[in-house]
Amino acid sequence: MAYSQNHFNKVREAQSRAYAPYSNFKVGAYLKTKDGKEFYGANVENAAYGEAICAERSSLVAAISQGYRPGDFESITVTVDAESPSSPCGACRQVIKELCDDDMPIYLTNHKGDMIETTIRELLPLGFSGKDLNL
Ligand code: THU
């Protein structure tokens, strides 16, 4: 299903759950499955800064933990409070590559409602995957 106001409302709700007392940079992720389920993700920081978990990965880990598998996902929407939408970090790109279809829509948004649509094919060209392991 195409991007809609619903995606924006849900990802902003997900963002409100972020735990980001160190960076104060709250990120939300809204992951939809092809069978209509929804998972929220938010960044979860730690006093040991390097242990922060990003919103994108937190939504995917939630879905996989509930039994969803690679290929089950319809779209992921991400939001930040910034002048322009932010793009997933390298680690998140690698995890999206593992779990999501190469052409699955990735909607990047900000508090103003700006939206950039992309895919992991575009964000991680020539990325490493299970195919490289001949699996
Ligand atoms: N962060 C995300 O949640 N997703 C990204 O793709 C980039 C960064 C979080 C991690 C950290 O809690 C905060 O944003 C600042 O880097």
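Test each condition in (1) in contact (Cβ under 8 Å) with a residue 24 or more places away in the chain; (2) surrounded by fewer than 18 Cβ atoms within 10 Å (Cβ to Cβ); (3) among the acidic types (Asp, Glu) for GLU56 and report the one that comes out false.
With respect to (1) in contact (Cβ under 8 Å) with a residue 24 or more places away in the chain; (2) surrounded by fewer than 18 Cβ atoms within 10 Å (Cβ to Cβ); (3) among the acidic types (Asp, Glu), GLU56 is out only on (2).
Could you check the stretch 26-39 and list, in sequence order, the residues that are within 15 Å of LEU108 (Cα to Cα) and either loosely packed, with under 15 Cβ neighbours inside 10 Å or touching a strand residue (DSSP E or B) at 6+ places or on another chain (Cβ under 6 Å) (or both)?
If the condition is that a residue be within 15 Å of LEU108 (Cα to Cα) and either loosely packed, with under 15 Cβ neighbours inside 10 Å or touching a strand residue (DSSP E or B) at 6+ places or on another chain (Cβ under 6 Å) (or both), then VAL27, GLY28, ALA29, TYR30, LEU31, LYS32 are the ones that fit.
If the Cβ limit is 9 Å and pairs must be 6+ apart or interchain, which residue in the stretch 3-21 that is more than 30 Å from ALA47 (Cβ to Cβ) pairs with which residue that is open to solvent by 60 Å² or more (accessible area, probe 1.4 Å) and in a loop (DSSP other than H, G, I, E, B)?
HIS7/MET1
Only one of these is within 14 Å of the ligand (Cβ to nearest atom) and modelled with pLDDT of 95 or more: TYR68, TYR3, TYR19. Name it.
TYR19
Which number in (1) part of a loop (DSSP other than H, G, I, E, B); (2) within 16 Å of the ligand (Cβ to nearest atom) marks the one condition that VAL11 misses?
Only one criterion is unmet by VAL11, namely (1).
Yes or no, residue by residue, for (1) open to solvent by 50 Å² or more (accessible area, probe 1.4 Å); (2) closer than 22 Å to MET1 by Cα; (3) away from the ligand (no atom under 16 Å from the Cβ):
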site	(1), (2), (3)
PRO85	no, yes, no
CYS92	no, no, no
VAL95	no, no, no
ASP103	yes, yes, yes
TYR107	no, yes, no
ASN110	no, yes, no
ILE116	yes, yes, no
ARG121	yes, yes, yes
GLY130	no, no, yes
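Just to check your reading of the model, which residue among LEU135, LEU126, LEU108 is aliphatic (A, V, I, L, M) and modelled with pLDDT under 95?
Details: LEU126 fails: modelled with pLDDT under 95; LEU108 fails: modelled with pLDDT under 95.
Only one candidate passes the filter, namely LEU135.
Here is a check on your reading of the model: is VAL80 under 19 Å from ILE120 (Cβ atoms) and within 16 Å of the ligand (Cβ to nearest atom)?
Considered against the rule, which asks whether it is under 19 Å from ILE120 (Cβ atoms) and within 16 Å of the ligand (Cβ to nearest atom), VAL80 comes out as yes.
When you scan the stretch 22-50, how many residues do you find that are near the ligand (Cβ under 10 Å from one of its atoms) and farther than 21 Å from SER4 by Cα? Steps first, answer last, please.
Filtering the stretch 22-50 for residues near the ligand (Cβ under 10 Å from one of its atoms) gives 22-29, 41-46, 49.
Filter again for farther than 21 Å from SER4 by Cα, leaving 22-26, 43-46, 49.
Of the residues in that region, 10 qualify.
The values are calculated or read from the model by the stated rules, or taken from the named source; none is laboratory data. Keep in mind that this is a model prediction, so the values were computed, not measured. Using ideal geometry, Cβ is built from the backbone for each residue, glycine included, and neighbour counts are taken over all protein chains shown. Each accessible area value is taken on the protein alone, full model and side chains, heavy atoms only, with ligands, DNA and RNA left out. Shrake-Rupley method; radii C 1.70, N 1.55, O 1.52, S 1.80 Å.
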